[in-house]
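Engineer: Sharing a structure, written as structure tokens. Questions coming.
The values are calculated or read from the model by the stated rules, or taken from the named source; none is laboratory data. These figures come from a predicted structure and were not determined experimentally. Using ideal geometry, Cβ is built from the backbone for each residue, glycine included, and neighbour counts are taken over all protein chains shown.
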Amino acid sequence: MELTPEDYHAKLVFADGKMDREFIRSVLKRNLGRHCSVRLFVPDPNFDAHVVSGGKGLEGVIRFVKSDLDRGERTFIVFVDKEHLTSTVEASVGSMMRKYGMEPVSSERIRDSVLGIKGRVGNKEFSMYVVVTGLWCCIEDEILSVLVDGVEGKSGEGCCDYYKEKSRENGMDPKRSWSNARVSEHFFNKIASILERLTANTP
């Protein structure tokens, strides 16, 4: 049976690859009992929003969100690696929204790496929560920093490949690291800050 927006409270959208989607799905599954009052639509790991929207990174996500508004979607949780931000998350997301005719009405920094945005397109109002992954570059560097002390900060071209290699040197597989209690708790806490707001609005 195909789900409709009435069947869940928020839709998850990913700006990056399959690994990020598999990782977040696994973190949520591990912590299922802690967010059962909020129904989330988590796309299949093989689903690529940027392929559907015709763009990559933040731009692909914004285009996808805009197209989904026509299908009745109104609440989104967006995951985007820091390497896709050209400035602060507020400025980067706001600029991209305006590029595609979406008006940022208000924003709230929920925590350092989580931004809540109220937006509008015509008469359609929506909420978008942006979760920035990566301290300097991508989700791999944030996972590594949870488990290893003294991780060097790198950004720019090739930074994600650098952290993937560093993970291998430390005997780690980032996409399976959700099973580590510290990693799972770290990333779930980022999502939980959004779920608290969704729970407050759940009948």
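Engineer: Hey, can you tell me all the residues within the stretch 129-144 that are among the hydroxyl-bearing types (Ser, Thr, Tyr) and in contact with a Gly (Cβ under 9 Å, 6 or more places away or on another chain)?
Structural biologist: Within the stretch 129-144, just Tyr129 meets the criteria.
Engineer: Only one residue in Ala192, Ala181, Ala200 is under 21 Å from Arg39 (Cα atoms) and either acidic (Asp, Glu) or over 16 Å from the mean Cα position of the chain (by Cα) (or both). Which one?
Structural biologist: Ala200
Engineer: Give, as residue ranges, the strands (runs of 3 or more DSSP E) completely inside the stretch 92-162 that count at least 2 residues that are crowded, with 19+ Cβ neighbours inside 10 Å.
Structural biologist: It comes to 114-121, 124-133.
Engineer: Residue check, Lys66 against (1) part of a loop (DSSP other than H, G, I, E, B); (2) crowded, with 16+ Cβ neighbours inside 10 Å; (3) basic (Lys, Arg), all met but one. Which one?
Structural biologist: Among (1) part of a loop (DSSP other than H, G, I, E, B); (2) crowded, with 16+ Cβ neighbours inside 10 Å; (3) basic (Lys, Arg), Lys66 violates only (1).
Engineer: Okay, moving on. How about the stretch 64-94: which of its residues are at pLDDT 90 or above, within 14 Å of the chain's Cα centre (by Cα) and over 24 Å from Ile143 (Cβ atoms)?
Structural biologist: Val65, Thr75
For (1) farther than 24 Å from Gly119 by Cα; (2) modelled with pLDDT of 85 or more; (3) more than 16 Å from the chain's Cα centre (by Cα); (4) not β-branched (Val, Ile, Thr), each residue gets a yes or a no:
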residue: Lys18; (1), (2), (3), (4): yes, no, no, yes
residue: Phe23; (1), (2), (3), (4): yes, yes, no, yes
residue: Val38; (1), (2), (3), (4): no, no, yes, no
residue: Ala49; (1), (2), (3), (4): no, no, no, yes
residue: Glu59; (1), (2), (3), (4): no, yes, no, yes
residue: Ile62; (1), (2), (3), (4): no, yes, no, no
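Engineer: Inside the stretch 157-174, can you point out the residues that are in contact (Cβ under 8 Å) with a residue 40 or more places away in the chain and under 14 Å from Lys82 (Cβ atoms)? Don't jump to the end; show me each part of the working.
Structural biologist: Step one: of the stretch 157-174, the residues in contact (Cβ under 8 Å) with a residue 40 or more places away in the chain are 159-160, 174.
Those that are in contact (Cβ under 8 Å) with a residue 40 or more places away in the chain and under 14 Å from Lys82 (Cβ atoms): Cys159, Cys160.
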